[in-house]
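The values are calculated or read from the model by the stated rules, or taken from the named source; none is laboratory data. Only a predicted model underlies this, so the values are computations on that prediction, with no experimental measurement involved. So basically every Cβ, Gly included, is an ideal-geometry build from the backbone, and we count neighbours across all protein chains shown. We work out accessible area using only protein heavy atoms, side chains counted, and drop any ligands, DNA or RNA first. Shrake-Rupley method; radii C 1.70, N 1.55, O 1.52, S 1.80 Å.
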Amino acid sequence: MSDNTTLTIPALIERVDAIFRKAGLNEIQAGALARVIAAGERDACKSHGIYRIEGALRTVKAGKVKPDAVPELLLQEGSAIVKVNAKGGFANPAFELALPVLVERARSCGLAALVINDCTHFSALWSEAEALAEHGLAGLVMCPSYATVAPTGGNKPLLGTNPFAFAWPRAGRPPYVFDFATSVAARGEIELHRRAGKSLPEGWAIDAEGNPTTDPEAALAGAMLPFGGHKGSAIGTMIELLAGIMIGDLTSPEVLDYLGTTTLAPVHGELIIAFSPEAFAAGRPGNPFARAETLFEAIVGQGARLPSQRRYAARAKSEADGVMLTDAEIKQLERLFALGLEAVV
Ligand code: NDP
Ligand code: PYC
């Protein structure tokens, strides 16, 4: 008997969508969540795949996210700042609603920013960065999370794992995209290590007394560490400033105060900046896209790989063969569908 089941990508989206619809989410919330979660599985990004469904349902059950929210665009004619209020719902439908306006403004102004306020956010950022690149734009995406990371030199959780993604469009190829937590690893990775009974690599976390630990339980009770020491600590702080304070939304410590736990998905804002490479390069020698290709070829020419190559390879396999889930994962999907919000505490 097989230990795995293969689902087509549309079938996986349908299953995840059905779980959320049954749990009371409206069509736009459930649809956007199902697409981003299935994309995580499709691209072998397990820390932001179906494992996140439970946390999203827990957040609905706790009354910290509105399952029937309808995001609202707040537009100022001609402004390069596009705002969307998620109205207490998830960030993903708000992004989907605002994307066409962001693209149009970035093309007309050369750059534009999208501010998403009052949202719950648990997903990987690459899907949003990629969406910009699909429109020929470069993009930066960032958001806080909740206080789980000690600043370098400190020993208590303060910053979030604050993800940061960048995309650059490439003609006829998937875009150059990187997307990472500004902690050594995403918190989801720590949780997956805990569930699998595995030790963490050294250097990921400290315990509640501030001592280095490789025990996931001790790490979850203590603090994670920024990537690259003071450099990641400063970038994480920049994200608190730009995607928290500057946009009038919560910082990671404020999110933790509000939720009182890291078992729910964090509630905050998000900042997305889109650039038109042609507009920036206008009047200067060389085609920016051709010059970027020369750079990418030189990177790959040294035997290095581009970020997202692993993901794109996983995507190609999933598109050809379907997404493979273990029997335990399939049972969990069935359980979440059958029990809805009763499945989570
Ligand atoms: P990883 O360290 O796993 O990967 C980070 C990036 O580096 C990816 O783009 C990856 O590409 C690339 N990469 C990895 N190895 C190499 C290599 N050898 N050469 C070139 N590029 C490489 O990410 P994290 O664990 O830090 O984050 C995982 C996810 O968690 C992110 O998607 C992030 O958005 C999400 N997250 C979300 C949060 C939220 O609040 N919503 C909070 C924190 C994280 P590839 O994928 O192809 O391997
Ligand atoms: O993996 O660090 C993480 C995370 C926090 C919120 C969503 N993902």
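Dipole size of the stretch 134-277 about its Cα centre, with +1 on Lys/Arg Cβ and -1 on Asp/Glu Cβ: approximately 420 debye, rounded to the nearest 20. Whole-Hz Karplus values for the stretch 43-57 come out as 8, 6, 10, 4, 5, 10, x, 5, 4, 7, 4, 4, x, 5, 5 Hz, taken residue by residue from phi with 6.51 cos²θ - 1.76 cosθ + 1.60 and θ = phi - 60°; glycine and proline positions read x. Of the two radii for the stretch 10-64, the radius of gyration is 0.96 times the Kirkwood radius, both from the alpha carbons; that is the Rg over Rh value. Taking the DSSP beta bridges with both ends in the stretch 47-169, the antiparallel portion is around 55 percent. Here is how the number arises for the chain: DSSP H runs of 4 or more residues each give -39500 (n - 2.57), the sum is divided by the residue count, and the result at 222 nm is -13000 deg cm²/dmol. Residue by residue, the stretch 252-259 carries 3J(HN,Hα) couplings of 4, x, 5, 5, 5, 4, 5, 7 Hz when phi is fed to the Karplus relation 6.51 cos²θ - 1.76 cosθ + 1.60 (θ = phi - 60°); x denotes Gly or Pro.
Partners of Lys22 within straight-line reach, counting lysines whose Cα lies under 27 Å from its Cα and excluding those fewer than 8 residues away in the same chain: Lys46, Lys61, Lys64, Lys66, Lys87, Lys331. Positive end of the dipole of the stretch 104-172 (Cβ unit charges, origin at the Cα centre): among Leu114, Ala167, Ala150, the Cα lying farthest that way belongs to Ala150.
The modelled label-to-label distance between Asn287 and Glu134, using points 7 Å beyond Cα along the C-beta direction, is 2.4 nm. Length gained on full extension, Leu192 to Ile330: 48.0 nm, using 0.36 nm per residue less the C-alpha separation. Treating r as the C-beta distance of Leu241 and Ile81 and R0 as 22 Å, the FRET efficiency rounds to 0.85.
Using heavy atoms of the protein chains and a probe of 1.4 Å, the accessible area assigned to Met246 is about 120 Å². The H on the amide N of Leu159, modeled in the peptide plane, is under 5 Å from the matching H of Thr148, Val149, each at least 5 residues off or on a different chain. How high is the relative contact order of the chain, in percent, with contacts defined as C-alpha pairs under 8 Å that are six or more residues apart? Once normalised by length, the contact order is 22 percent. When every Cα-Cα distance of the stretch 147-267 is counted in 10 angstrom steps from zero, the calculated P(r) takes the values 14, 42, 31, 11, 2, 0 percent. The share of accessible area on the chain that comes from carbon and sulfur is 57 percent, using a 1.4 angstrom probe.
Taking 0.692 mPa s as the viscosity and 37 °C as the temperature, the Stokes-Einstein diffusion coefficient of the stretch 193-242 based on its alpha-carbon Kirkwood radius rounds to 284 µm²/s.
Each Lys and Arg Cβ is given +1 and each Asp and Glu Cβ -1; about its Cα centre, the chain then shows a dipole of about 340 debye. Taking Pro175, Pro285, Pro266 in turn, the Gaussian network model of the chain (Cα-Cα springs below 10 Å) assigns the largest fluctuation to Pro285. Residues whose amide H lies under 5 Å from that of Ala186, counting only those 5 or more places away or on a different chain, are Ala181; hydrogens are built 1.01 Å from N in the peptide plane.
Here the Karplus curve 6.51 cos²θ - 1.76 cosθ + 1.60, taken at θ = phi - 60°, turns the phi angles of the stretch 17-30 into couplings of 4, 5, 4, 5, 5, 5, 7, x, 6, 6, 4, 6, 5, 4 Hz, with x standing for Gly and Pro.
Positive end of the dipole of the chain (Cβ unit charges, origin at the Cα centre): among Phe90, Thr251, Ala274, the Cα lying farthest that way belongs to Ala274. For the chain, the share of DSSP beta bridges that are antiparallel, to the nearest 5, is 85%.
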